[in-house]
Amino acid sequence: MKKIIICLFLISGLAGSRAMAQEFKEKYRPQFHFTPRANWMNDPNGMVYHNGIYHLFYQYYPDDKIWGPMHWGHATSRDMISWQEKPIALYPDSLGYIFSGSAVVDKNNTAGFGEGALVAIFTHHDPVQEKQKTGKHETQSIAYSLDDGNTWTKYKGNPVLKNPGISDFRDPKVRWFEAQKKWIMTLATKDRITFYSSPDLKSWTRESDFGANEGGHGGVWECPDLFPIKHEGKDIWVLIVNINPGGPNKGSAGQYFLGDFDGKTFTSNSKETKWLDYGTDNYAAVTFSNTGNRNILMGWMSNWQYANQVPTDPWRSANTIARELGLQTVGKEIYMTSVPVKELDILNTTGFSLKKMKVKNQLDLTDKAKNKTGLFRLDFDTKNTADFSIVLANEAGNELLVGYDKAKNQFYIDRSHSGKIDFEKGFGAKHIAPRFATAATIPLTLIADLASIELFADNGLTVMTDIFFPESPMSKLSIKSVTGITIDNLKYTILKPSAK
Ligand code: FRU
């Protein structure tokens, strides 16, 4: 009897995982980037590391593939690469939809919910008041979990921060400010950032405003983040401000400022507008909380220009690969760098390496790569002596180009002929990014999933993330250079799909 039960259990388990495997094989389905099984997703929310688990919450509409009344979806992971979707964490209520926000571990029980409670701080967006145009429809609220994020209780005293009359008043990112033993909330308030502080996550005091006259202002400011990174022995404070539209290649994008924060005021030392990512598909990117001295960023891999139209079914949107942040000085400026987290290596399978390889016109690597899936990581370096491009292609004739333009000293991704592009008129375009590094050698890392490419140039000084929708996997790979280049080192690794 026992044997039969075990057998049945195994068979049903197998059938279950088969059904799941089928489910994640739909056309255009990313194979190692997080996607919800079905329906609409946007911003990552409340990303927090707790008891050995990374939590990802996200803007989620469970009833349709287009944006609607927002919930917080939930997924967990041990490595930020393989994600398991969990039941919905937060549902809309009488105060409104659950918009973006953050989560913290309340180690000292400052809020009184319990020692080590997970506390989520989010925007309540009231659609009724929005229609009435009160200008006060967005407020900040909290919820807590005492069981590792499985179930959540909304605080009875919500909202904890009322709206003073600012129509865009949202996306609280909260962190503990140890030097003054208080919480700091970084809030997007239309065309600027407002900082608040609190002893207990429940009562908030306005500290200062930043940015009305700084940085990019081509759109509304959203989803900010504030954290220090150690650089040459001292803390540099990073203020991330997502903006929509107004990005460097149109639409949604993330800018950042570097400077100081004293618990009250942020002062920027940046002399130019800096972008986290020059591709079109890394929005609402913020960092995980409680990750010690690692700063790990993840964004929504889409753009409000076309997020509601991308041709995927039954889900919409994916997240970027998690990225580790750093700082690097170039000349008189400091820039933020981002590179894929080392955990991505768990997907490595077979591959090949080359050294001192001359490319004149075209080097076709398709036969060497033997990769039908189009999932790979390519690391290579070459000198900045001539134009070159890396071409991903398939049997259907779709092409995606990632390249370097020597005369302009720019990187680019061209998805004009990358497959399905007709769902939005601006989608099929070429995107460009400046090269900041001055070294003669250009190291490049490319992370290719079925429907996305992430370029990390110069060890993450220039980053580009673009999605695309090929008719079949990009199983062909070649490197082109009319003038000719020498690839000093090349390493190609086939990646496997992440476990779901
Ligand atoms: C950014 C954003 C946030 C808001 C959320 C709503 O993409 O507009 O400002 O909280 O999406 O879903």
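Helix 2-23 sits at what angle to the longest principal axis of the chain, using alpha carbons and giving 0 to 90 degrees rounded to 10?
Once rounded, one gets 70 degrees.
Given 0.36 nm per residue, what is the gain on full extension from Ile346 to His231 after removing their alpha carbon distance, in nm?
Length gained between Ile346 and His231: 38.5 nm.
Can you compute the label reach from Asn308? Point 7 Å from Cα along the Cβ direction, backbone N cut-off under 17 Å, restricted to the stretch 195-223.
Label zone hits: 220.
Determine the relative contact order of the stretch 326-456: mean sequence separation of Cα pairs under 8 Å and six or more apart, normalised by residue count, in whole percent.
23 percent
If you add up the charges near Arg37, with Lys and Arg at +1 and Asp and Glu at -1, over every other residue whose beta carbon is less than 13 angstrom from its beta carbon, what do you get?
+2
Trypsin sites (Lys or Arg not before Pro), restricted to the stretch 46-148: which are DSSP loop and have at most 14 other Cβ atoms within 10 Å?
Arg78, Lys107, Lys133
For the pairs Lys162/Lys250; Lys250/Lys383; Lys383/Lys406; Lys274/Lys408, note any where the Cα-Cα span goes beyond 22 Å. It would help to have the intermediate numbers written out before the result.
Numbers: Lys162/Lys250 33 Å; Lys250/Lys383 30 Å; Lys383/Lys406 10 Å; Lys274/Lys408 18 Å.
Those over the limit are Lys162/Lys250; Lys250/Lys383.
Tell me, rounded to the nearest percent, the portion of alpha carbon pairs in the stretch 159-269 spaced more than 22 Å apart.
Tail of the P(r) past 22 Å holds 30 percent of the pairs.
Looking at the square roots a ≥ b ≥ c of the eigenvalues of the Cα gyration tensor of the chain, which shape do they give, rounded for a/c under 1.5, prolate if a/b is larger than b/c, or oblate?
Details: a/c = 1.76, a/b = 1.28, b/c = 1.37.
Oblate.
Along the Cα→Cβ direction, 7 angstrom out, place labels at Ser94 and His217. What is the inter-label distance in nm?
4.0 nm
Between rounded, prolate and oblate, where does the stretch 51-158 land on the alpha carbon gyration tensor, with a ≥ b ≥ c its root eigenvalues, rounded for a/c under 1.5, else prolate if a/b exceeds b/c?
Oblate is the answer for the stretch 51-158, as a/c is 1.5 or above yet b/c matches or exceeds a/b.
Please sort 400-411, 350-361 by packing, taking for each peptide the average over its residues of neighbouring beta carbons within 10 angstrom, highest first.
Ranked from most to least packed, the peptides come out as 400-411, 350-361.
Could you work out how far apart the two model spin labels at Asp422 and Lys107 are, taking each label as a point 7 Å from the Cα in the direction of the beta carbon, and quote it in nm?
Once both label points are built, they end up 5.7 nm from each other.
For the stretch 217-275, run through the trypsin sites (Lys or Arg not before Pro) and keep only the ones in DSSP coil with at most 10 other Cβ atoms within 10 Å of their Cβ.
Here the trypsin sites (Lys or Arg not before Pro) that fit, given the DSSP loop and packing criteria, are Lys271.
If each residue of separation counts as 0.36 nm, what is the full-extension length gain between Met357 and Ser208 once their alpha-carbon separation is subtracted?
48.1 nm
Order these by the 10 Å Cβ neighbour count, fewest first: Arg316, Arg323, Arg37, Arg435.
Ordered by Cβ neighbours within 10 Å, fewest first: Arg37, Arg435, Arg316, Arg323.
Rounded, prolate or oblate: which fits the stretch 347-495, taking a ≥ b ≥ c as square roots of the Cα gyration tensor eigenvalues, rounded meaning a/c under 1.5, else prolate when a/b beats b/c?
oblate
Quick check: net charge around Gly246, other residues with Cβ under 12 Å of its Cβ, Lys/Arg +1 and Asp/Glu -1? Intermediate results must be reported in sequence, preceding the final value.
Values: positive: Lys250; negative: Asp191, Glu222.
It works out to a net charge of -1.
Listed highest first by mean packing, meaning other Cβ atoms within 10 Å per residue, what order do 198-206, 122-130 come in?
Ranked by mean Cβ neighbours within 10 Å, highest first: 122-130, 198-206.
Over the stretch 28-149, calculate the relative contact order: mean separation of alpha carbon pairs under 8 Å at least 6 apart, over the residue count, as a percent.
19 percent
Given an 8 Å cut-off on Cα distances and at least 6 residues of separation, report the relative contact order of the chain as a percent.
13 percent
Between the stretch 75-105 and the stretch 394-427, how many Å separate their Cα centres?
34 Å
Per residue of the stretch 59-68, in order, report the coupling 6.51 cos²θ - 1.76 cosθ + 1.60 (Karplus, θ = phi - 60°) as ³J(HN,Hα) in whole Hz, putting x for Gly and Pro.
The phi angles translate into 4, 9, 10, x, 9, 6, 8, 10, 4, x Hz.
Sum -39500 (n - 2.57) across every DSSP H segment of at least 4 residues in the chain, then divide by the residue count to get the 222 nm mean residue ellipticity, nearest 500.
About -2000 deg cm²/dmol.
Note down the net charge around Asp488, summing +1 for each Lys or Arg and -1 for each Asp or Glu among other residues with Cβ under 13 Å from its Cβ.
So the surrounding residues net to +3.
Could you run the Karplus curve 6.51 cos²θ - 1.76 cosθ + 1.60 with θ = phi - 60° over the stretch 490-499 and give me ³J(HN,Hα) per residue in whole Hz, x for Gly and Pro?
Computed from phi, the couplings for the stretch 490-499 are 9, 9, 10, 10, 6, 9, 9, x, 6, 5 Hz.
Where a number appears in this text, it was derived from the coordinates with a stated rule and is not lab data. For clarity, every value in this text was computed on a predicted model and none was experimentally measured. Using ideal geometry, Cβ is built from the backbone for each residue, glycine included, and neighbour counts are taken over all protein chains shown.
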